[in-house]
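Shown next, in structure tokens, is the structure this report addresses.
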Amino acid sequence: MVLFAMLCRIDGLMLSESMDSTQQDSFDRTYREQAKLIFSKLSRVSEKAMTLDTDKYYFAYLIENDVCYLCLCEKAYPKKLAFNFLEELYKEFDTSYGSEVALAKRPYQFVKFETFITKTRKLYRDTRSQRNLSDVSFELRDVQKIMTKNIRDIVGRGEKLNDVNDKSEKLLAESIRYEKQTIALASQLFFKKYFPVIIILLFLFFIYIRYAYW
């Protein structure tokens, strides 16, 4: 089952959450802190979907429009259902509050969304229900291709989730720099080639003006 779910803007601002009231406070504190550590490692170049294994549970997260939708699930809970659950949160939240996210200033500004999260968690509680059996599709993504890591890789060693994208980010920066250099070189070649022509045309224009009005 889905034990809790949290929504966070990509810059670390908490937006909303729904916790399982049956869990002990120590459980909540432990996994809430791990969830916040995960949020702190995210950026716009992080993997858009990932699962992170813990001892008895796993985190699943989905990033859409600068919002991270994260849930903690029991180990045996189907990952396809977990991502279907996150997809439902994304669609509802983006429709209701998407235009307000960038303007949010205070933590948990969308606390009212907890009602929808809690209701949806209850719908996904029983993996054998007819609704969930028919919903195991996660049409937008192939769960088998979603990267899985161990939570120790993130929390223990402090590894950033966007490390896997460092090379592509550097390559993009190099590409942009090369493009700027190419444009600058092309401009230099243009002026070098046509500068004498421009000077002659300006000279002729000056002569024309001088004799036309004198």
Output for the range 107-126, where each listed residue is farther than 18 Å from E87 by Cβ, among the hydroxyl-bearing types (S, T, Y) and assigned to a helix (DSSP H, G or I): T115
Is it the case that the range 152-170 has a residue that's farther than 30 Å from T54 by Cα and either assigned by TED's automatic domain parsing to the domain that holds L62 or at pLDDT below 70 (or both)? yes
Among the strands (runs of 3 or more DSSP E) contained in the range 4-101, which hold 1 or more residues that are in contact with a His (Cβ under 7 Å, 6 or more places away or on another chain) and in the same structural domain as K119 (by TED's automatic domain parsing)? none
Qualifying residue in the range 58-70 (condition: under 14 Å from L15 (Cβ atoms), touching a Ser or Thr at 6+ places or on another chain (Cβ under 9 Å) and either surrounded by fewer than 18 Cβ atoms within 10 Å (Cβ to Cβ) or in contact (Cβ under 8 Å) with a residue 40 or more places away in the chain (or both)): yes
Out of (1) free of Cβ contacts under 8 Å to residues at least 12 places away in the same chain; (2) closer than 19 Å to V111 by Cα; (3) not acidic (D, E), the one A76 does not meet is (2)
Scan the range 19-31 and tell me whether some residue there is in contact with a Phe, Trp or Tyr (Cβ under 6 Å, 6 or more places away or on another chain), among the hydrophobic types (A, V, I, L, M, F, W, C) and buried (at least 17 other Cβ atoms within 10 Å of the Cβ). yes
Flagged in the range 73-117 as closer than 21 Å to T51 by Cα and out of contact with any helix residue (DSSP H, G or I) (no Cβ under 9 Å at 6 or more places or on another chain), in numbering order, are E74, K75, A76, Y77, L86, E87, Y90, K91
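The values are calculated or read from the model by the stated rules, or taken from the named source; none is laboratory data. The structure presented is a predicted model; accordingly, all values stated were derived computationally and were not measured. Ideal geometry is used to build each Cβ from the backbone, glycine not excepted, and the neighbour counts take in all protein chains shown.
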